[in-house]
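The structure appears right after this line, and notes come after that.
The values are calculated or read from the model by the stated rules, or taken from the named source; none is laboratory data. The structure presented is a predicted model; accordingly, all values stated were derived computationally and were not measured. Note: ideal-geometry Cβ built from the backbone for every residue, glycine included; neighbour counts use all protein chains shown. These area figures cover heavy atoms from the full protein model, side chains too; ligands, DNA and RNA do not enter into them. Shrake-Rupley method; radii C 1.70, N 1.55, O 1.52, S 1.80 Å.
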Amino acid sequence: MADREFGFETRTVHAGSRPEPTTGARATPIYQTTSYVFEDTEAAAAYFNLQEYGNTYSRIMNPSVAAFEERIANLDGGAGAVAFASGLAAQSAVLFTLLRPGDHVVCSSALYGGSVTQFKHVLGKLSVGLEFVDPDDLEAWRGAIGDNTKLLFAETIGNPGGNILDIEAVAQLAHEHGCPLMVDNTFATPYLCRPLEWGADLVVYSATKFLGGHGTSLGGVVVDSGEFNWSNGRFPVVADPSPAYHGLAFHETFGVYGFLTKLRAETLRDLGAALSPFNAFLLAQGVETLPLRMRAHVANAQTVAEFLQSHPMVARVTYPGLPDSRYRSLVEKYLPLGCSAVFCFDLPGGREAGRRFIEALSLFSHLANVGDAKSLVIHPASTTHRQLNDQELTAAGIGSGTIRLSVGIEDAGDLVWDLEQGFSALEAAP
Ligand SMILES: *Cc1c(COP(=O)(O)O)cnc(C)c1O
């Protein structure tokens, strides 16, 4: 049994989860505890010195959280993972771990609105330079990388324009310059795409979305391939002895776990955005049905996107799974099982048409989230992307009449019926 390489579906259910040794509980319990009794003072010292692995305090580690981390690292093929209280907390933790004033980051311009705001303002406050590039333009990526660039960042499936990242090409470019590529794989999930297999170094998730899958719990996670060479001269912040951990040199001491150990033992310790054990339990449980849900999400998204594309009142549908998508060859390479279920379409008539359409829907819930089993709808220009100026909106592919859908796992015919209610409301409008 040990020799067998288990399939993805088996690992979504079993990875990270083993019967609890003292009670035999098959489900990983919710270890709702802040702290752990040490065997003796020597063991306590060894844990705090990172000489031995042992639980100390739940801001840094917790068995329910560890089970979730192990499951995601396994599904992505990473060396390990560290979970956080939210997707943005996970991203902040990477930024705070890697960057110092004077450093520079290159980002895709087609990002989740919250990520654009986070990168722009947090990095600005830290005096870290930032350049946004068109993610489809390899020469723009190349041109933006400078001597002090420390990170490239993009989404597998761009938000909300549906840009598909050429992960292999951008990773190669990053590595030519000694930089890591971090990919936000929230929309694809490891079921549809595993960026580490294409050369990405770090993968970040908002587990709040498809991983958890039910719109109940915030969470985030960083997965590390363990393969990036942090001792290449560009990252003294990871390679050199750390003053924040009594002179420990993380990469030299922990090898493939060097970055992850620093991320946990320093950054999570200091920023404190720990995932709660209860949320870890719910998120890990969500992952058990990830393949089943993603197959249903993808099939429904395809049906809904094709319905919208053939509708005379729709100007544009950004679903990269449509046959005439300009990302077709990238989809075949990176997303052979489908393009997830979040996309936009444009209604002529701008803001007012958008409002009227959304108000006529009854199955689609109007709210600011994606990746729920339930279908969701929102008007990005007035909500999620409200902080962006017109130029940034255009760069992100959003117009005033753009509607974003997150297609759920309901009956596809019912979803099309609901959208028809929206169009009827537009036709009835004066
Ligand atoms: C929601 C989301 C985030 C942020 O995650 P939170 O869990 O809300 O902090 C980041 N990236 C993408 C693509 C998202 O959809």
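Points worth noting:
- Matching entry among Ala169, Ala249 (being surrounded by fewer than 24 Cβ atoms within 10 Å (Cβ to Cβ), closer than 24 Å to Trp141 by Cβ and either at pLDDT 95 or above or among the hydrophobic types (A, V, I, L, M, F, W, C) (or both)): Ala169
- Test: Ala81 is open to solvent by less than 20 Å² (accessible area, probe 1.4 Å) and without any contact (Cβ under 8 Å) to a residue 40 or more places away in the chain: no
- Of everything listed in (1) in a loop (DSSP other than H, G, I, E, B); (2) open to solvent by 10 Å² or more (accessible area, probe 1.4 Å); (3) within 24 Å of Gly220 (Cα to Cα), the single unmet condition for Cys179 is (2).
- Any chance Glu42 is part of a helix (DSSP H, G or I) and closer than 18 Å to Val82 by Cβ: no
- Where helices (runs of 4 or more DSSP H) sit wholly within the stretch 80-162, none has at least 1 residues that are in contact with a Lys or Arg (Cβ under 8 Å, 6 or more places away or on another chain) and basic (Lys, Arg).
Each row is one residue, and each column tells you yes or no for (1) closer than 30 Å to Trp198 by Cα; (2) in contact with a strand residue (DSSP E or B) (Cβ under 8 Å, 6 or more places away or on another chain).
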residue: Val314; (1), (2): no, yes
residue: Leu335; (1), (2): yes, yes
residue: Ala341; (1), (2): yes, yes
residue: Ser365; (1), (2): no, yes
residue: Ser382; (1), (2): no, no
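- Scanning the stretch 193-222 for residues that are touching a helix residue (DSSP H, G or I) at 6+ places or on another chain (Cβ under 6 Å), open to solvent by less than 10 Å² (accessible area, probe 1.4 Å) and either more than 14 Å from the ligand (Cβ to nearest atom) or over 13 Å from Ser86 (Cβ atoms) (or both) yields a count of 6.
- Scope the stretch 338-377; condition surrounded by 14 or more Cβ atoms within 10 Å (Cβ to Cβ) and more than 18 Å from Asp418 (Cβ to Cβ); matching residues: Gly338, Cys339, Ser340, Asp346, Gly349, Gly350, Arg351, Gly371
- Any hit, the stretch 326-336, residues being in contact with a Pro (Cβ under 6 Å, 6 or more places away or on another chain), touching a residue at least 60 places away in the same chain (Cβ under 8 Å) and open to solvent by less than 30 Å² (accessible area, probe 1.4 Å): yes
- Pairs with Cβ under 6 Å, 6+ apart, first in the stretch 179-207 and closer than 14 Å to Phe228 by Cβ and assigned by TED's automatic domain parsing to the domain that holds Leu95, second of a type in the set (Ser, Thr, Tyr) and away from the ligand (no atom under 11 Å from the Cβ): Cys179/Thr149; Leu196/Ser225; Asp201/Ser225
- Checking Gly24 against (1) closer than 30 Å to Leu292 by Cα; (2) in contact (Cβ under 8 Å) with a residue 60 or more places away in the chain, the condition it does not meet: (2)
- If you filter the stretch 377-427 down to residues that are assigned to a loop (DSSP other than H, G, I, E, B), in contact with a His (Cβ under 7 Å, 6 or more places away or on another chain) and farther than 21 Å from Ala296 by Cα, you find that the one that is modelled with the highest pLDDT is Ile398.
- Residues within the stretch 275-325 that are of a type outside the set (Gly, Ala, Ser), open to solvent by less than 30 Å² (accessible area, probe 1.4 Å) and in a helix (DSSP H, G or I), tallied: 12
- Counting the residues of the stretch 339-377 that are within 23 Å of Ala428 (Cα to Cα) and within 13 Å of the ligand (Cβ to nearest atom) gives 0.
- Scope the stretch 256-270; condition open to solvent by 30 Å² or more (accessible area, probe 1.4 Å) and farther than 15 Å from Thr56 by Cβ; matching residues: Val256, Tyr257
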